2 protein chains.
Amino acid sequence: MPPPTDPNRVIIFDTTLRDGEQSPGCSMNLGEKLEMAHALTALGVDVIEAGFPIASPGDFESVQAIARQIHGPVICGLARCNPADIDRAADAVKDAARPRIHVFLATSAIHREFKLRMTPAEVAAKAVEGVKRARDRVEDVEFSPEDAARTELDFLTEVVEKAIEAGATTLNIPDTVGYAVPSHYASIIRHLKKHVRGIEKCVLSVHCHDDLGMAVANSLAALGEGARQVECTVNGIGERAGNTSLEEVVMALHTRRDFYKLTTGINTRHLYPVSRKLSHITGMAVQRNKAIVGQNAFAHEAGIHQDGMLKERSTYEIMKPEDVGLLRTELVLGKHSGRHALKQRVTDLGYHLTDEQLNRVFDEFKKLADLKKEIYDADIEALAENQLQAGTRNVWTLAGFTSTAGTGSQTSAAVSLRHQDGTVRRDAAVGNGPIDALFKAVDRVTGVPVKVIDYRVRSVTQDMDAMGEAQVEIDHEGKRSKGRAVSVDVIEASALAYLEVINRVVSRKSRDRLKPTDHVPTEVVPGP
Amino acid sequence: MPPPTDPNRVIIFDTTLRDGEQSPGCSMNLGEKLEMAHALTALGVDVIEAGFPIASPGDFESVQAIARQIHGPVICGLARCNPADIDRAADAVKDAARPRIHVFLATSAIHREFKLRMTPAEVAAKAVEGVKRARDRVEDVEFSPEDAARTELDFLTEVVEKAIEAGATTLNIPDTVGYAVPSHYASIIRHLKKHVRGIEKCVLSVHCHDDLGMAVANSLAALGEGARQVECTVNGIGERAGNTSLEEVVMALHTRRDFYKLTTGINTRHLYPVSRKLSHITGMAVQRNKAIVGQNAFAHEAGIHQDGMLKERSTYEIMKPEDVGLLRTELVLGKHSGRHALKQRVTDLGYHLTDEQLNRVFDEFKKLADLKKEIYDADIEALAENQLQAGTRNVWTLAGFTSTAGTGSQTSAAVSLRHQDGTVRRDAAVGNGPIDALFKAVDRVTGVPVKVIDYRVRSVTQDMDAMGEAQVEIDHEGKRSKGRAVSVDVIEASALAYLEVINRVVSRKSRDRLKPTDHVPTEVVPGP
């Protein structure tokens, strides 16, 4: 943890990989989570909540891998307040240099009554038990009274005090359902600061949701009353309307340091690259008018008001785009750029690839450079991200395809797919468009019954001979999966994205057969 | 205006068509603006700021059309504080039943010094002059001291008092650059309430920008001190990070009426449909985790946590999806649905089409019903929106196309385009994918030099045999334009979207030749 010697230093607790990742459309595989964890470390977050280890074997593996491979931040695992959860979280984080267990238990009347069916005394006792068990395993224990913002103030005071006595070092006050308003939320923190015995030994933390659009304002109001940890996510992803946006809370503190008089350890120049990375990985686009990282956030810089109005930048600009890492020099490489220049650029863009992965990126880069004159950062990012999927052994790979479309003619597509057993199988189909035909042809070959529920294509950079990125989301037996791929041909990108998702479905089916889901809790809760 | 008899009634001033529309990527044509104005009226907004009449002849025409055709809300036109602007705004709104002129002039030291080069006394005198001139034309005059949140409190008090004496009926306090924080912004309103003579005769208004993610919280904090008008936009669109989001501020007041004790005239069940309509019209997608109207905002309703956790809805749900108009019964029409059923559905979805437009929608609907079994609301919306472009006389229309693509073969496309002079011209091109080839073939026929800077395709509804929507944004001689089209074949949708944008460029070129741009101000300012 940052030294508590500076009373004005705010701890940034990033939960992109936990509260963010568990929200619809944001799931990431192990490689993607590690990539994000590296980027968060470079960004300078103090704590990474890496996952909810008991939720699935995959979650456990991710938290363990991050605990082992990421150096710098505290690595935290989430646990409900029961022995199985806490032990599993402890096992997952144990190899971290600075491990933390985050235990939560609901305290509000409505949760006690309808979810837990427990009395206040039972809740308080269970919280104490859980915190003690976690402290037996690690020094750094965080406790969250879930739905704290709707909990009776007296009971909240009591539970927090008992959790501190039991050994909790960070006390988090979640507004689980996004119901709080700044002045009321601040008054809760003020009350706890005043009435909880031992509070001065702990870090008070805030965890807000944006259901009413006030997560950032609520977090800042709490900091004004002495909270010193903010739980937040990149791009504000998270359950429902999402969590407090990391970039907004950090830049508000930075831009209005005259008012808040607080600091963070964040390197703000990484904010924009990290935001882009997460968008690319999850396919969750940031809206154009999103604060700090949206395409329009600094649009007055992008030639929109180049009419002499900006005689002085500060007339309309309270932040500089370069302060959040938004740089204008995007054009970097061309046909004659070498392996070393590419490697440097990939590293500068925040990717951590093996030599083998870099070699594959270089091969793809050379092919692309034959097709287009100028290679942009976004192209390099797309090539690097294609490698994050690597390592997965795919059942099906694309051997070739053809498609024809046109007014007045039969639109059709034919595909050849190579199975991992070495055989190549081919089929064709007609459809309402070449993509529809192509997907139907793939279905005929693979025989996996999936339903496409979302399909998108977008250009990666600002030129038409650039690459297109395709995203496909499907439903298979009630479970949703997403595939993503990049190619200079959008039809090919679509085929690759569709195959990626088919491969996920096929490999999940075989894994589910091998591993009984012992560790999956029967009741999955969203967490604080 | 709503009767000031209820001191707790908040006036919702929508500036989607002014501050929203002028932000990058949000421009709308006359038909689209009228469609939005109808939807805003049904939503129950009190004031529609319809545009900035002096900015261009197109802006003037839109404000005038809205003033003539929209009944219910106050119709407002924006003007800088000078005679030409004010007269132009007055002319544009004069046919409204309840017209308003909104005059603005910057008051902060930085704007006075670097933009206006005026002394405080000169600024105050000019404000008085402008308000008086506006009052000579209409009863209802709003004045905005631009960048009020950064203006010295004494000077702000003086200017506001003089504007009221001069006849302003609404005083708006803009946080033009999105710099405010809730407690400080509230203190400005409190100060004005206490120190400005005559303030009780006026409505105090707030206008916030979301650069630090606090527009909603700032607006609500100001309401807590007695402001009674909120300026906001659908989906929070607007300059840079956008304006206060209408749906968030309304639902915060609604959900936390226990705390704020304020009401609005908004029919909250229109919030989601209006948000979707704006997204469709502008192509500005709302991010999945956006509060109130994002795809995930009510995701716990959509089967995500169907594991027994929701023993009681209010455990995790502070708003009901149906309260914002998010309905699950999307499946409506099929092959055998008749003209009447379609017309009813189009009307229910909030579209105002002529009989001729409805006939065209019906024809398209029948074609679509032949291709897919089930027609969803999103399909109907897409068909209805295709008609918003109608009425424009297109120079080029698509007569036909063919495309082929595939691994190892030359990807190519051929198009036939019909010119308005009756001739059909054809050409072909190769490309990196069928879309690239198609656009290049179109370029060969039309000879218009455009550069594609953004290209997107998405599925309209959740089935693959559904329609695809294509969006193309181009740059032509430094000006950006956007085209959008829907078809069951994404290649065809792409061709149509690209042609739409080519037609815009061509018709703009011919219009620019005919109409000298007398009314375009030499200096375009973003407004409060």
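The values are calculated or read from the model by the stated rules, or taken from the named source; none is laboratory data. Owing to the predicted nature of the structure, the values given are computational and were not obtained by experimental measurement. With ideal geometry, Cβ positions are generated from the backbone for all residues, glycine too; neighbour counts draw on all protein chains shown.
Among residues of the stretch A:431-455 being within 32 Å of the chain's Cα centre (by Cα) and modelled with pLDDT under 85, the one that is nearest to the other protein chains (Cβ to nearest Cβ) is A:Ile453. Summed over the stretch B:191-240, the residues that are of a type in the set (D, E, K, R) and buried (at least 24 other Cβ atoms within 10 Å of the Cβ) give a count of 5. With the requirement that a residue be at pLDDT below 95 and closer than 14 Å to B:Ala148 by Cβ, what does the stretch B:108-127 give you? Result: B:Ser108, B:Ala109, B:Ile110, B:His111, B:Arg112. Just one of (1) surrounded by fewer than 21 Cβ atoms within 10 Å (Cβ to Cβ); (2) within 17 Å of A:Ala493 (Cα to Cα); (3) out of contact with any helix residue (DSSP H, G or I) (no Cβ under 9 Å at 6 or more places or on another chain); (4) not hydroxyl-bearing (Ser, Thr, Tyr) fails for B:Arg444. It is (2).
Mind listing whichever residues of the stretch A:400-413 are within 13 Å of A:Ala441 (Cβ to Cβ) and at the interface with chain B (Cβ under 8 Å from one of its Cβ atoms)?
If we filter the stretch A:400-413 for residues that are within 13 Å of A:Ala441 (Cβ to Cβ), which is where we start, we get A:400-404, A:411-413.
Once the filter is applied, which keeps residues that are within 13 Å of A:Ala441 (Cβ to Cβ) and at the interface with chain B (Cβ under 8 Å from one of its Cβ atoms), the stretch A:400-413 yields A:Gly400, A:Phe401, A:Thr402, A:Ser403, A:Thr404, A:Thr411.
Taking (1) part of a helix (DSSP H, G or I); (2) surrounded by fewer than 24 Cβ atoms within 10 Å (Cβ to Cβ); (3) modelled with pLDDT of 90 or more in turn, B:Gly265 satisfies each apart from (1). Kindly provide the set of residues from the stretch B:217-236 that are out of contact with any Phe, Trp or Tyr (no Cβ under 6 Å at 6 or more places or on another chain), facing chain A (nearest Cβ under 9 Å) and closer than 21 Å to B:Lys193 by Cβ, ordered by number. Once the filter is applied, which keeps residues that are out of contact with any Phe, Trp or Tyr (no Cβ under 6 Å at 6 or more places or on another chain), facing chain A (nearest Cβ under 9 Å) and closer than 21 Å to B:Lys193 by Cβ, the stretch B:217-236 yields B:Ala217, B:Leu220, B:Gly224.
Would the stretch B:395-404 turn up any residue that is in contact with a Ser or Thr (Cβ under 9 Å, 6 or more places away or on another chain), surrounded by fewer than 23 Cβ atoms within 10 Å (Cβ to Cβ) and of a type in the set (Gly, Ala, Ser)? There is at least one residue in the stretch B:395-404 that is in contact with a Ser or Thr (Cβ under 9 Å, 6 or more places away or on another chain), surrounded by fewer than 23 Cβ atoms within 10 Å (Cβ to Cβ) and of a type in the set (Gly, Ala, Ser). If the condition is being facing chain B (nearest Cβ under 7 Å), without any contact (Cβ under 8 Å) to a residue 40 or more places away in the chain and in contact with a Gly (Cβ under 8 Å, 6 or more places away or on another chain), then the stretch A:237-257 contributes only A:Ala252.
The single condition from (1) at pLDDT 80 or above; (2) more than 13 Å from chain A (Cβ to nearest Cβ); (3) out of contact with any Lys or Arg (no Cβ under 7 Å at 6 or more places or on another chain) that B:Ile380 fails is (3). Among all residue pairs at least 6 apart or on different chains, which show Cβ distances below 8 Å where the first residue, located in the stretch B:178-204, is within 14 Å of chain A (Cβ to nearest Cβ) and modelled with pLDDT of 95 or more and the second is surrounded by fewer than 15 Cβ atoms within 10 Å (Cβ to Cβ) and part of a helix (DSSP H, G or I)? Here the result reads B:Ile188/B:Leu153, each pair linking the stretch B:178-204 to a residue that is surrounded by fewer than 15 Cβ atoms within 10 Å (Cβ to Cβ) and part of a helix (DSSP H, G or I).
Taking the conditions exactly as written (at pLDDT below 70 and surrounded by fewer than 18 Cβ atoms within 10 Å (Cβ to Cβ)), does B:Ala302 satisfy them or not? Walk me through how you get there before you give the answer.
Working: at pLDDT below 70: yes; surrounded by fewer than 18 Cβ atoms within 10 Å (Cβ to Cβ): yes.
Criteria met by B:Ala302.
Tell me which residues, restricted to the stretch B:68-89, are of a type outside the set (Val, Ile, Thr), within 19 Å of B:Ile11 (Cα to Cα) and either assigned to a helix (DSSP H, G or I) or in contact with a strand residue (DSSP E or B) (Cβ under 7 Å, 6 or more places away or on another chain) (or both). Selection gives B:Pro73, B:Cys76, B:Gly77, B:Leu78.
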